[in-house]
Amino acid sequence: MKMKRMKKALSIILCMVLIVAMALFTTACNGNAKENAAQESIVAVFQDGDVLGEGSTTFKFAVVDKEGKETACEIHTDEKTVGAALLKLGVIEGEEGPYGLYVKKVNGITADYDVDSTYWAFYIDGEYGMTGVDVTDIVEGSNYAFKVEK
């Protein structure tokens, strides 16, 4: 008899713990992710004229924000692709999609199409890139850029 009461009490306690855990989980996920992304502070990885990284290959990289302000730097790397070099240095962030890396943040600046219809456009030597940043091989001395576009 004592064993049945003990099992029943343990079941009730376990159910209450699960209910509390679910309540906390649903409260934490209140759907404000877009609001929080729009309010995040901008933390730049580099300033205009900085030199980033170490390696035998060098290229110029620029970021043009929503207001049209350009910030440029020089990248040194041993990586094979522009995307790999920028990811390793923490200059870009994004997520893998069906067409490769979808860049959402560059030099601490977020462009999110779902929030404000802006996105990061990738440029190679001043021309709109025909390949994604993650598959674009580095060409010594080339200029690469990301610009916020709508």
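Tabulated data
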quantity	calculated
Residue tally, condition outside any helix (DSSP H, G or I), of a type in the set (D, E, K, R) and closer than 24 Å to GLY49 by Cα, over segment 74-132	9
Matching residues, segment 112-136, being acidic (Asp, Glu) and surrounded by fewer than 12 Cβ atoms within 10 Å (Cβ to Cβ)	ASP114, GLU127
Criterion: in contact with an Asp or Glu (Cβ under 7 Å, 6 or more places away or on another chain) and on the phi < 0 side of the Ramachandran plot - qualifying residue of THR71, THR77	THR71
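Since every read-out is calculated from the coordinates, none of them should be taken as a lab result. Since this is a predicted model, take the numbers as computed values, not measurements. Virtual Cβ from ideal backbone geometry, glycine too; neighbours counted across all protein chains shown.
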